[in-house]
1. Against the definition (modelled with pLDDT of 95 or more, assigned to a loop (DSSP other than H, G, I, E, B) and loosely packed, with under 14 Cβ neighbours inside 10 Å), how does Gly84 come out, yes or no?
2. Does Ala63 qualify as being farther than 21 Å from Gln108 by Cα, of a type in the set (Gly, Ala, Ser) and outside any helix (DSSP H, G or I)?
3. I'm trying to understand the selection: among the residues of the stretch 66-81, which are charged (D, E, K, R) and assigned to a helix (DSSP H, G or I)?
4. From the set of residues in the stretch 93-116 that are under 15 Å from Asp51 (Cβ atoms) and touching an Asp or Glu at 6+ places or on another chain (Cβ under 9 Å), which is surrounded by the fewest Cβ atoms within 10 Å (Cβ to Cβ)?
5. Do we find a residue being assigned to a strand (DSSP E or B), at pLDDT below 85 and of a type in the set (Gly, Ala, Ser) anywhere in the stretch 110-131?
6. Restricting the stretch 1-45 to residues that are of a type in the set (A, V, I, L, M) and part of a loop (DSSP other than H, G, I, E, B), which is surrounded by the fewest Cβ atoms within 10 Å (Cβ to Cβ)?
7. Of all the residues that make up the stretch 72-94, how many are touching a residue at least 24 places away in the same chain (Cβ under 8 Å) and farther than 19 Å from Ile60 by Cβ?
Amino acid sequence: MVELRWLSHSAFEISSEKLVVYVDPYISGNPETPIRVEEIKKANYILVTHDHFDHLGDAITIAKNTGAKIVVVPELAEKLGKEGVSVVAPNMGSMIKLEENFSVGMVQAFHTSTTGVPVGLFSQLMVKHSTMLEIPAFLEI
């Protein structure tokens, strides 16, 4: 079973039996989110659309606490790698397989960003080898 939980703003938690993925984890300093960063004990991947504080959010802290890999554009990956976290930097327009049952694609988005360009991300998560959950691009809200 796959669960999708909205954490406010553009932050989401996607979880299955084997994977936990966070998207744009703006949690600290966000009065609307239902969780605290300290409560996050497991994360495999963190998908970040761009480097604004309300999207990059707590990605570095979560990655350091859980060992999760951060999926971002190459320019931001270079910067985050210097923070001591593991990064994955797909090219724009590509779809990469991160796990046997989990792939992420990166498409162009229109917004501003300090490092690199903002992107839309979409993922495919295979459940029980027969059902595919497709999560469309997370749009700037």
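1. Values: modelled with pLDDT of 95 or more: yes; assigned to a loop (DSSP other than H, G, I, E, B): yes; loosely packed, with under 14 Cβ neighbours inside 10 Å: yes.
Here the answer is yes, as Gly84 does meet what is asked.
2. No, not satisfied.
3. At the first step, the residues of the stretch 66-81 found to be charged (D, E, K, R) are 69, 75, 78-79.
If the condition is that a residue be charged (D, E, K, R) and assigned to a helix (DSSP H, G or I), then Glu75, Glu78, Lys79 are the ones that fit.
4. Kept after step one, since they are under 15 Å from Asp51 (Cβ atoms), are these residues of the stretch 93-116: 106, 109, 111-116.
Still in the list and also touching an Asp or Glu at 6+ places or on another chain (Cβ under 9 Å): 109, 111, 113-116.
Details: Ala109: 18, His111: 14, Ser113: 18, Thr114: 11, Thr115: 16, Gly116: 18.
Filtering first and then ranking leaves Thr114.
5. Filtering the stretch 110-131 for residues assigned to a strand (DSSP E or B) gives 119-127, 131.
From what's left, at pLDDT below 85: 119-127, 131.
Applying the additional criterion that residues be of a type in the set (Gly, Ala, Ser) yields 120, 123.
Yes, the conditions are met somewhere in the stretch 110-131.
6. Among residues in the stretch 1-45 that are of a type in the set (A, V, I, L, M) and part of a loop (DSSP other than H, G, I, E, B), the one surrounded by the fewest Cβ atoms within 10 Å (Cβ to Cβ) is Met1.
7. Looking only at that region, the number is 1.
Rundown of residues vs (1) aromatic (Phe, Trp, Tyr); (2) more than 20 Å from His9 (Cβ to Cβ), yes/no style:
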site	(1), (2)
Tyr45	yes, no
Gly57	no, no
Thr61	no, no
Lys64	no, yes
Lys69	no, yes
Phe102	yes, yes
Gly105	no, yes
Ser123	no, no
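The values are calculated or read from the model by the stated rules, or taken from the named source; none is laboratory data. Everything numeric here is computed off the predicted structure, so don't read it as measured data. All Cβ positions, even for glycine, are placed from backbone atoms using ideal geometry, and neighbour counts span all protein chains on display.
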